[in-house]
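Written below as C-alpha cells is the structure these notes are about.
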Amino acid sequence: MSSELEKRFLSLRKQVIEASFGRLNPVQRDAVFTVNGPLLILAGAGSGKTTVLVNRIANLVRYGTAHDSDKIFGTAGEEDVAALEALLKDGGKLTARLASLLSVNAVRPWHVLAITFTNKAAGELKTRLEAMLGSDAQDIAASTFHSACVRILRREAEHLGYPKSFTIYDSDDSLRAMKEVYKQYNIDDKFLPVKSALSAIGRLKDQMVSPAAAAAQASEYRTKLVATAYEGYAKRLFSAGALDFDDLIYQTVLLFQEHPDVLEYYRDRWQYILVDEYQDTSVAQFLLVSLLAGGHNNICVVGDDDQSIYRFRGATIENILSFEQHFPGAKVVRLEQNYRSTTSILDAANRVIKNNVGRKGKTLWTDNGEGDRVCLYRADNEQDEAAHIASVIGQNLKNGAHLRDHAVLYRMNAQSGPIETYFARAGIPYKIVGGHRFFDRKEVKDIISYLSVIANPRDDLRLRRIINEPARKIGAATLDAAAGIAAGLGCGLMEVIAEAQNYPALGRALVPLKNFCAICDDLTAAAQEQPLDELVSTVIDRSGYRQMLEAQGEEGRTRLENLGELVSSVKTYADEKGDEASLEGYLEEVALISDIDGYDEEADTVVMMTMHAAKGLEFDYVFLVGLEEGVFPGEMSRYSDEDLEEERRLCYVGITRAKKELYLSCARTRMIFGQTKRNPESRFLTEIGEGELQVEESPVAAMATTRISAGAARQRETTRQAESFRSFTARSGLTGTAPRPTAAAKRGAGIAFKPGDLVEHKVFGRGTVLKVTPIAGDTIVEIRFDTAGVKKTMANYAPLTLAH
DNA sequence: TATCGTAGTGTTTTT
DNA sequence: CACTACGATA
C-alpha cells in the first residue's frame, strides 16, 4: 500500500470513528479516545460525563485504539477507502471486513467492568450501551461496588470461611446483632450508643482495620469499647454466616489480599475498569479498585470533588485528590462545560462552592444562555413554603410544563411531611423517593426473614425475628435456654430446636418448637418444588402470617396488601431472570436495592427527595427548600469546618440539578422535631448574594397586626393537616400518588372563583379574589382579606363562600 | 407468655 | 413528635 493511500485511509478511519459518536467537545473526545493507562476524568455537574463514559466503553469494545493508531490489521486498498468515504456520507454498509479494518486491539466486552453508585445508574449505563453496541453490551459488567462484591463473594466466600449462601444484613439487622453483643459483653449504651458503635465500626471497615488491629490501636476508653464491640459483632456475624454492607467491600478486599490466585483470576477477567462517582469512594473501595487494576493498569475514574457528599459514610475525598499519586502517569481530563443549566443557575452554584478550600478548583460555564434569575421565597412557615411551591408549580403547568419536570429537594426526609400534606390536599400528584423503604416495613421484613432462614438456617438473628411471629408461644425464656444450649454445643439455634426433645430445658415449649420446625421443614421442601412467587405465598400462608393479619381488621388489610406487593415483586424478579432466578438471588437483590432505584422518571408526577438521593439526576424546575441555619446547613455541621464544607457541596449538588429554573425558599419559623424554631437564613443564601436573586416575601409576614389571629388559625390548620397526613400515609403508603380530595374534605368545591369576586372565609373574614390558578384537580385562590392580608387557599379545601 | 400502657429518648444524609 | 424499651398486669 502506498503511504499516500495509507494516510488517506487513516484519516478517513478517524473521521468514521468520530462520526459514530455524535458531537463531542475536544475535551470529551480526548476522554473517549484515551484507551489505555490510568485516566482521571474530572467531570463538573451536567458536563455530559455519562455520555463520555458510555462512548468511551463503546469505543473500547468497537474500535480499541484505532482512533489514534496508525496500525492497520490487514491491507487496506482503494476500494476500502472508497467504502469508508461512502460510510461517512451515510451511503455505505458496514461490512465485516470494514469493521475489522476499523478496529485495533479492540477490547472484548467481558473484560470491561463499570462500577456505578446505584443500581439505577448501572441499569441506565447498560441500556445506553445496548443501544450503541447491541448484543455485545450483554457481556459488559456494570454494577455497584456492593453488587460486584456480592457476586465475587458468592463464588469465593468459602476462602474466607463463610458459606456461599451468606445472608446480607441491613442496618436494622446490624442494630439487633449489636444489641445482642452489648448484652453478651455487658456494655452500657450510656457510654457508647449502639448506633455510634456501628458507625465507628463501619468507619474502621472502610479503612480496612480488622478487629484485632482496632484493639491494638485503641488507647482511650471509648475506642477500646468500640474494639470490644467490633470483635463481638464480627464473631456473631461470622457464626451466623452473615455479612453487613461494609463487610461486602471489606471481605472482598481481604479475599484479594490473602488469596493472590483468586485476585489473579479477577484481574484477568476485568482488564478494563471504570469507576463512576469516584469522589464518593472509601479507602476500602480504593484498595479494591487498585488491586483489581493492578495487573493491566487500565483504570478510568470519573468524579467531581465538589460533589463529594458521603464523607459521613466513609467516603474520602483524598481518593480523587491524590489519584495522580496513586496511579503514576495518570492522564487528567477536565470537563468544565455544562450542558444542563442556565448561566444564572451556574453562577449561583459557583458562588456557593468557591467558599470551600481544598478542592481541585474548576469553574463551570455554559453557552445555554442567561436564563431567569434564581428565585428566593421567604415563607412565613413550612406550610406557607409548601403553598408557595404548589402555586409556582400551578403557574408552570399553565405555561406548558409537566408535573414530572418538577422536583422538590430537601436536606432531611422529615421535611417532606408538610409539603406532602399540602400536595395531597391540593390534589397534586407526587411521588416521594426514599424515607421508609418498602422493604423496611415490618411485615415485609418478616416474610423476607422467613425466606432467608430457608436459604441460610445458620442465621440466628433472622430466625429469632420470626420464630414467634406470629405468636407461637415461644417466648424469651425458651429462646434464651435454646441459645444457651447452642452456645454450649457450638452450633446454631436451628439445630437445637430441631432436636428439642433431647433437651429437658426446652420441655415446656416442646410442642410449639416442634410445630415451628414442621413449618420450616415444609417451607424448605416448598423451596425445592415451587416457583419463587408461589413459595412466597406458601410462606405467608404456612407461617400463619396471613391468618394473623386477617384477624387485625383495617391495619392488617393494608399490611396484607403490602405482602401482595411483595409477591408481585418476586414474580417480576422471577420473570426477568428466567432460569437464573433463585431464592438467594432475590434476597440479594432486595438487600442491595436503594431508594432511588425505584424512581420512575416517566411517571407524570412531581418528585420529592433528599438532595443526596438527587445526585446524578436533573430536572427543569428545582425547589430547594428549608434554606435556614440549623436545617441546611444542618445543626450537626455547625461546629465543624469539614462538615460545613460537605453541606456546601451538598448545596452545590442541589443547585446544579436544575436545568431551567431554580427556586430557593426559607421559612421564618419552622416546626421541627415537634418544636417551633426561628432559624436565621442559611449562609448559602448570603453566599449567593441577595442581589442575584429574585426575592419574594410571604404576604402574611407583611401584616404584623393580623398575626395573632392568623397564627391561631394556622395552628388549627396544622393539626388538621397532621391528621390528614397520617391517614393518607396509612392508606396509600409513603409513596404513591396523592388521593383525590374526598367529599368530606370539600368545602369551597364546585365554586368557580374569578378575580374580583368578593368572598367570605370562615376564619379570615371578607376578602377579594386576586388571582385564580388551576392546578391538577383543584384551584389555588389568592385572596386579599380585609383584615388578614393576602392568603393563598385551595378552593376545594378552604372554608370559602361567595359573599354578596 | 402476651399485651397494654407509660416513660424516656433521640432525632441527617445511605449502599 | 414518634418510636422503642421496659414494666406491670391478665
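Mind running the shape call on the range A:147-246? Use the C-alpha gyration tensor, a ≥ b ≥ c as the square roots of the eigenvalues: rounded below 1.5 for a/c, prolate if a/b tops b/c, oblate otherwise. Here the range A:147-246 falls in the prolate category.
Between residue A:189 and residue A:264, the distance separating the two model label sites (each 7 Å from Cα on the Cα→Cβ line) works out to 4.8 nm.
An oblate overall shape is assigned to chain A, the ratio a/c of its alpha-carbon gyration tensor axes (a ≥ b ≥ c) being 1.5 or greater and a/b not exceeding b/c. Computed 3J(HN,Hα) for the range A:578-592, one whole-Hz value per residue from the Karplus formula 6.51 cos²θ - 1.76 cosθ + 1.60 where θ = phi - 60°, is x, 5, 6, 4, 8, 4, 4, x, 5, 4, 5, 4, 4, 5, 9, glycine and proline marked x. Residue order for A:388, A:159, A:111, fewest other beta carbons within 10 angstrom first, comes to A:159, A:111, A:388. Residue order for A:103, A:219, fewest other beta carbons within 10 angstrom first, comes to A:219, A:103. Taking amide H as placed 1.01 Å from N in the peptide plane, residue A:800 has its amide H under 5 Å from the amide H of A:748, each at least 5 places away in sequence or on another chain. With the simple spin-label model, which puts each label point 7 Å out from Cα in the Cβ direction, the residue A:207 to residue A:603 separation comes to 4.1 nm. Across the range A:310-316, rounded Karplus estimates of 3J(HN,Hα) from the backbone phi angles (6.51 cos²θ - 1.76 cosθ + 1.60, θ = phi - 60°) give 10, 4, 4, 9, x, 5, 10 Hz, Gly and Pro being marked x. Taking amide hydrogens as placed 1.01 Å from N in the peptide plane, the amide H of residue A:628 sits under 5 Å from those of A:682, each at least 5 positions away in sequence or on another chain. Residues of the range A:46-68 with amide nitrogen under 19 Å from the 7 Å Cα-to-Cβ point of residue A:94? Within reach of a label on residue A:94, which here means backbone N under 19 Å from a point 7 Å along Cα→Cβ, the range A:46-68 contributes A:51-68. Just to check I understand the Karplus step: with θ = phi - 60° and J = 6.51 cos²θ - 1.76 cosθ + 1.60, what whole-Hz values come out for the range A:431-442, glycine and proline as x? For the range A:431-442, the Karplus-derived couplings read 9, 9, 9, x, x, 7, 7, 3, 6, 9, 5, 4 Hz, x marking Gly and Pro.
Database remark: amide H of residue A:431 closer than 5 angstrom to the amide H of A:606, A:607, A:608 (H placed geometrically; neighbours at sequence offset of 5 or more, or on other chains; Pro and chain starts carry no H). Each DSSP beta bridge with both residues in chain A is either parallel or antiparallel, and the antiparallel ones are about 35%.
On the beta carbon distance between residue A:529 and residue A:164, with R0 = 30 Å, the FRET formula returns roughly 0.85.
The range A:471-509 and the range A:512-534 have their alpha-carbon centroids 20 Å apart. Residue pairs exceeding 22 angstrom between C-alpha atoms, taken from A:360/A:615; A:677/A:771; A:431/A:577; A:442/A:577; A:14/A:89; A:190/A:224: A:677/A:771; A:431/A:577; A:442/A:577.
Work through the residues other than residue A:562 whose Cβ is under 9 Å from its Cβ and net out their charges, Lys, Arg +1 and Asp, Glu -1. Charge balance in the 9 Å sphere: -1.
So between residue A:322 and residue A:442, what do we pick up on full extension, going 0.36 nm a residue minus the alpha carbon distance? It would help to have the intermediate numbers written out before the result.
Details: separation 120, 0.36 × 120 = 43.20 nm, distance 4.38 nm.
Computed gain between residue A:322 and residue A:442 is 38.8 nm.
For the range A:281-349, the square roots of the Cα gyration tensor eigenvalues, ordered a ≥ b ≥ c, give a/c of at least 1.5 with a/b no greater than b/c, which places it in the oblate category.
Computed from the coordinates by the stated procedures, all read-outs in this text should not be read as laboratory data. What you see is a predicted model; the values in this text were computed from it and never measured. Don't worry about glycine lacking a Cβ; one is built from the backbone with ideal geometry, like all the others, and counts go over all protein chains shown.
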